[in-house]
């Protein structure tokens, strides 16, 4: 046992000395020491202390087909042996890049038949900005450059991605957002519209887009971008009336509509893509995460035929990445998507395991800490509040969520805390017995949190 502890301690020390982590207080992490994950299988992780952990967040919203699928490692090895790398610049391609593009055109909504590859969701959202600017310039409307997004949205952490996003704590480490990026109210019925029906509020929240377009001038606005369900912002599920009204407004004012499917895509909501769950048809769609189930970095932007018809006659598009369409990443993504399709995992989320999780979660609404349960398919949030009747949040937002998150950490369950929302997005292969285990542990951690703050 001492050998294991010493080994963990050594890894922690090396991490302190050499590794800068994303979205992390360096001093706080160095004082605590990292948790070292050593292996994974299915929906479980193991750390260097031998602790078995149930992963309620699919890694970072991404391991849709679960851990340990040897089919993907075997595909990667074969492709590395045959062609480890070549670029897609200089009028060349590789067979995996082209085969994946064809497969993507089959599983994405009608009309989205062309893909521009990247390596992360952040890069894909940067690409969307460049594509939109290029499109409008080619249409003879170069002044249409402004992007509209939502408050509390997350679209990545590059300069363009964090500007598209509406995370105030990111903008404070600025100067952000960059000029030309505007934000409107997020469609959060529970806190912003509880004095009206959900659908009434959805129309009102969507109307904020029209107000912003009129304020800026439609001739200056390139696009509106949104996640079908805001993920990192707290799993904000919009009213059913919201997205159809957003689409109507975009079409009325000739504004491009972009669906950020980095989290919702590839089965998370019970359809292949979130826009299909909420009934809208985007001009462009960004994707990453579930595209390869996180096994290897890859991302893409699906572009509608009506845009490509303009872009193809506009000369060079001076944009791209060294690893755009990387052959190994493309081969792995193709194998991953084939598993999703061949094993019926998306349909399973829609008709079986998704409804089972959402039904089980309904009971959490009776917990003294939980003001709202919201979700779709295999993504959900438990909103922790001070007063359930008035929807009053806690005085210091995020403090109670962190208490709960720490209890989850100590009890070997991974749930994410965003503010005081506890988030769940398990792998699509999770079984009903594993859902029961996940939610039983989640309830235990809620009870421990409630006792800590005197609410039980």
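So which of 326, 304 ends up being over 20 Å from the mean Cα position of the chain (by Cα) and within 17 Å of residue 118 (Cβ to Cβ)?
Details: 304 fails: within 17 Å of residue 118 (Cβ to Cβ).
Just a single option satisfies the conditions, and that option is 326.
Can you give me the ranges of the helices (runs of 4 or more DSSP H) entirely in segment 154-248 with at least 1 residues that are touching a strand residue (DSSP E or B) at 6+ places or on another chain (Cβ under 8 Å)?
Values: elements: 159-164, 168-171, 189-192, 198-216.
Fully inside segment 154-248 and qualifying: 159-164, 189-192, 198-216.
Just one of 244, 282, 239 is buried (at least 24 other Cβ atoms within 10 Å of the Cβ) and assigned by TED's automatic domain parsing to the domain that holds residue 143; which is it? Lay out the reasoning, then the answer.
Numbers: 244 fails: buried (at least 24 other Cβ atoms within 10 Å of the Cβ); 239 fails: buried (at least 24 other Cβ atoms within 10 Å of the Cβ).
Being buried (at least 24 other Cβ atoms within 10 Å of the Cβ) and assigned by TED's automatic domain parsing to the domain that holds residue 143 holds for just one of 244, 282, 239, which is 282.
Among the residues in segment 187-197, are any free of Cβ contacts under 8 Å to residues at least 40 places away in the same chain and more than 21 Å from residue 392 (Cα to Cα)?
no
Go through (1) surrounded by 21 or more Cβ atoms within 10 Å (Cβ to Cβ); (2) outside any helix (DSSP H, G or I) one by one and return the number of the condition residue 296 breaks.
(1)
Somewhere in segment 319-326, is a residue assigned by TED's automatic domain parsing to the domain that holds residue 268, more than 16 Å from residue 97 (Cβ to Cβ) and modelled with pLDDT of 95 or more? Give the derivation first.
Just the residues of segment 319-326 that are assigned by TED's automatic domain parsing to the domain that holds residue 268, to begin with: 319-326.
Filter once more, so that each one left must be more than 16 Å from residue 97 (Cβ to Cβ): 319.
Next cut, modelled with pLDDT of 95 or more only: 319.
Yes, the conditions are met somewhere in segment 319-326.
If you scan segment 259-271, which residues turn out to be over 14 Å from the mean Cα position of the chain (by Cα) and surrounded by 23 or more Cβ atoms within 10 Å (Cβ to Cβ)? Before the answer, list the steps.
Our first condition is that a residue be over 14 Å from the mean Cα position of the chain (by Cα); within segment 259-271, this holds for 270-271.
Result: 270, single match.
Test residue 35 against the stated conditions and say whether it is out of contact with any strand residue (DSSP E or B) (no Cβ under 7 Å at 6 or more places or on another chain), surrounded by 12 or more Cβ atoms within 10 Å (Cβ to Cβ) and modelled with pLDDT of 95 or more. Please lay out each step first, then the result.
On the way: out of contact with any strand residue (DSSP E or B) (no Cβ under 7 Å at 6 or more places or on another chain): no; surrounded by 12 or more Cβ atoms within 10 Å (Cβ to Cβ): yes; modelled with pLDDT of 95 or more: yes.
Taking the combined requirement at face value, the residue does not satisfy it.
Looking only at segment 299-338, which residues are farther than 21 Å from residue 129 by Cα and part of a helix (DSSP H, G or I)?
First, pick out the residues of segment 299-338 that are farther than 21 Å from residue 129 by Cα: 326-338.
Within segment 299-338, 327, 328, 329, 330, 331, 332, 333, 334, 335, 336, 337, 338 qualify.
When you go through (1) surrounded by 15 or more Cβ atoms within 10 Å (Cβ to Cβ); (2) outside the structural domain of residue 259 (by TED's automatic domain parsing); (3) out of contact with any helix residue (DSSP H, G or I) (no Cβ under 9 Å at 6 or more places or on another chain) one by one for residue 356, which number turns out not to apply?
Single failed check for residue 356: (3).
Hand me the list of helices (runs of 4 or more DSSP H) wholly inside segment 37-110 holding 3 or more residues that are within 22 Å of the chain's Cα centre (by Cα). Working first, answer last.
Details: elements: 58-61, 70-82, 95-107.
So the answer is 58-61, 95-107.
If I ask for residues that are over 20 Å from residue 45 (Cα atoms) and either outside the structural domain of residue 58 (by TED's automatic domain parsing) or free of Cβ contacts under 8 Å to residues at least 40 places away in the same chain (or both), which ones from segment 406-423 would you list?
Within segment 406-423, 420 is the sole residue that qualifies.
Given the criterion touching a residue at least 24 places away in the same chain (Cβ under 8 Å), in contact with a helix residue (DSSP H, G or I) (Cβ under 9 Å, 6 or more places away or on another chain) and surrounded by 24 or more Cβ atoms within 10 Å (Cβ to Cβ), identify the matching residue among 310, 332.
Details: 310 fails: surrounded by 24 or more Cβ atoms within 10 Å (Cβ to Cβ).
Going through 310, 332 in turn, the sole match is 332.
The values are calculated or read from the model by the stated rules, or taken from the named source; none is laboratory data. Keep in mind the model is a prediction, meaning the values are calculated, not measured. Cβ sites come from the backbone with ideal geometry, for glycine too, and all protein chains shown count toward neighbours.
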